[in-house]
1. Report yes if S191 is of a type in the set (S, T, N, Q) and in contact (Cβ under 8 Å) with a residue 40 or more places away in the chain, otherwise no.
2. Could you count how many residues in segment 194-230 are within 28 Å of the chain's Cα centre (by Cα), in contact (Cβ under 8 Å) with a residue 40 or more places away in the chain and not in a helix (DSSP H, G or I)?
3. Could you check, for segment 232-252, whether at least one of its residues is of a type in the set (V, I, T), surrounded by 14 or more Cβ atoms within 10 Å (Cβ to Cβ), over 17 Å from the mean Cα position of the chain (by Cα) and not assigned by TED's automatic domain parsing to the domain that holds Q335?
4. Can we say P82 is surrounded by fewer than 17 Cβ atoms within 10 Å (Cβ to Cβ), at pLDDT 95 or above and either within 21 Å of the chain's Cα centre (by Cα) or outside the structural domain of D120 (by TED's automatic domain parsing) (or both)?
5. Criterion first (in the same structural domain as G110 (by TED's automatic domain parsing) and closer than 24 Å to I105 by Cα) does S128 satisfy it?
6. Tally up the residues in segment 91-115 that are assigned to a strand (DSSP E or B) and either over 17 Å from L157 (Cα atoms) or out of contact with any strand residue (DSSP E or B) (no Cβ under 6 Å at 6 or more places or on another chain) (or both), please.
7. Surrounded by 20 or more Cβ atoms within 10 Å (Cβ to Cβ), within 20 Å of V169 (Cα to Cα), touching a strand residue (DSSP E or B) at 6+ places or on another chain (Cβ under 6 Å) and at pLDDT 95 or above, is that true of I118?
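The values are calculated or read from the model by the stated rules, or taken from the named source; none is laboratory data. Only a predicted model underlies this, so the values are computations on that prediction, with no experimental measurement involved. Here the Cβ positions follow ideal geometry from the backbone for every residue, glycine too, while neighbour counts run over all protein chains shown.
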Amino acid sequence: MDNNDNIDSNDNSSDTNTANYNQGKNDIISEEIDFTKEDNELSGSTKNSKSKNDNSTKGKSSDKDDINMDYSDHTFPCHPAPPVSIKLFIGRVPKNYEEEQLRPIFEEFGIVNEVVIIRDKITNIHKSSAFVKMASISEADNAIRSLNNQRTLDQQLGSLQVKYASGEVMKLGFPQNVESGVDQAKLFIGSLPKNITEESIKDMFSVYGSVEEVFIMKDNSTGLGKGCSFVKFAYKEQALYAISSLNGKKTLEGCNRPVEVRFAEPKSSKQAQSQVGIQPLQNAPHGISPQAHPGTPNNINYGNNFGVNNNYPRQVGVWKEYYSGEGRPYYYNEQTNTTQWEMPKEFETLFMNNNPNIHNLSDSSGPPGANLFIFHVPQNEWQTKLI
């Protein structure tokens, strides 16, 4: 449909370029993972920052403080959506660069709330990396585009590595394969009247930001809408603003349930899942608490990297299959507006038809969540032998 359909699931550009730098390339990749574990100690920590006192006057050290900051004299690109702060990981920072030298580089692109040089917790040695917290995702994306693999502070280290810090994507509710440095964000809109027009949808969402595109999914035979569409915003914060304002909170005329507003799944993610050919149910772990519908995560990645998406749930009759944050399937009844862990009989029949090698799923015993699913069982194996 457009370039945004083919979002790359990972920020691979930096990894490609690091292949040319033999010195310290593996340390940088592994360090970023280790640093996130001590992330809660970084903000204003005397262990990790030699400039604690300087930073306390330049920026804030918590999300709560970010909310209280006064940005009235600054116009963010994402206006009218409120700015959303985000933390960036910076790699290949020269060891002679402290917070006061690194901050002006990022202030070229917007408001910087905090800069923390990452140091060894025991020796306090500079680890050639930093965290930079920017006041706005839109300004952070601009910094990523302009700096990542573009600007070099030390020829021996190579060009700067700038990307979203680990955990930021999940914290903000983005799909796992969202691309850093890209402004636009595409939403999936469900529970729309079948006769709604693109102009009506644009009017509804323009309140939250710059709508660049509206696409209504239509039935080829009737020409009527399918009750869903895609909306592309100019900035990610505008998409977040629309989700928080509309999802599950407004029922449109002619519809029997509130409008659904979620991040759309990039085409590359859907293609990867279809090529693997494994159903979401086969990857779901057990032993978690239910989440209320429809506040479900948009995209879940498992250890095997198979994506499961709640934007397009499987549906049989009145039942829809969703996945919790931990990856366990649960089922929502559109008619009764109830949610349950147990697989409805309609889905059980579908599951059996798609998996002919499974013996007597209905004979399984034990409380909900206590059963194990075994696959790749040889055809000559009997249930009694497995027991």
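1. Values: of a type in the set (S, T, N, Q): yes; in contact (Cβ under 8 Å) with a residue 40 or more places away in the chain: yes.
Yes: the conditions hold for S191.
2. Number of matching residues: 6.
3. For segment 232-252, residues of a type in the set (V, I, T), surrounded by 14 or more Cβ atoms within 10 Å (Cβ to Cβ), over 17 Å from the mean Cα position of the chain (by Cα) and not assigned by TED's automatic domain parsing to the domain that holds Q335: absent.
4. Working: surrounded by fewer than 17 Cβ atoms within 10 Å (Cβ to Cβ): yes; at pLDDT 95 or above: yes; either within 21 Å of the chain's Cα centre (by Cα) or outside the structural domain of D120 (by TED's automatic domain parsing) (or both): yes.
Yes; evaluated as a whole, the condition is true for this residue.
5. Details: in the same structural domain as G110 (by TED's automatic domain parsing): yes; closer than 24 Å to I105 by Cα: yes.
Yes, satisfied.
6. Adding up the residues that qualify gives 4.
7. Values: surrounded by 20 or more Cβ atoms within 10 Å (Cβ to Cβ): yes; within 20 Å of V169 (Cα to Cα): no; touching a strand residue (DSSP E or B) at 6+ places or on another chain (Cβ under 6 Å): yes; at pLDDT 95 or above: yes.
No.
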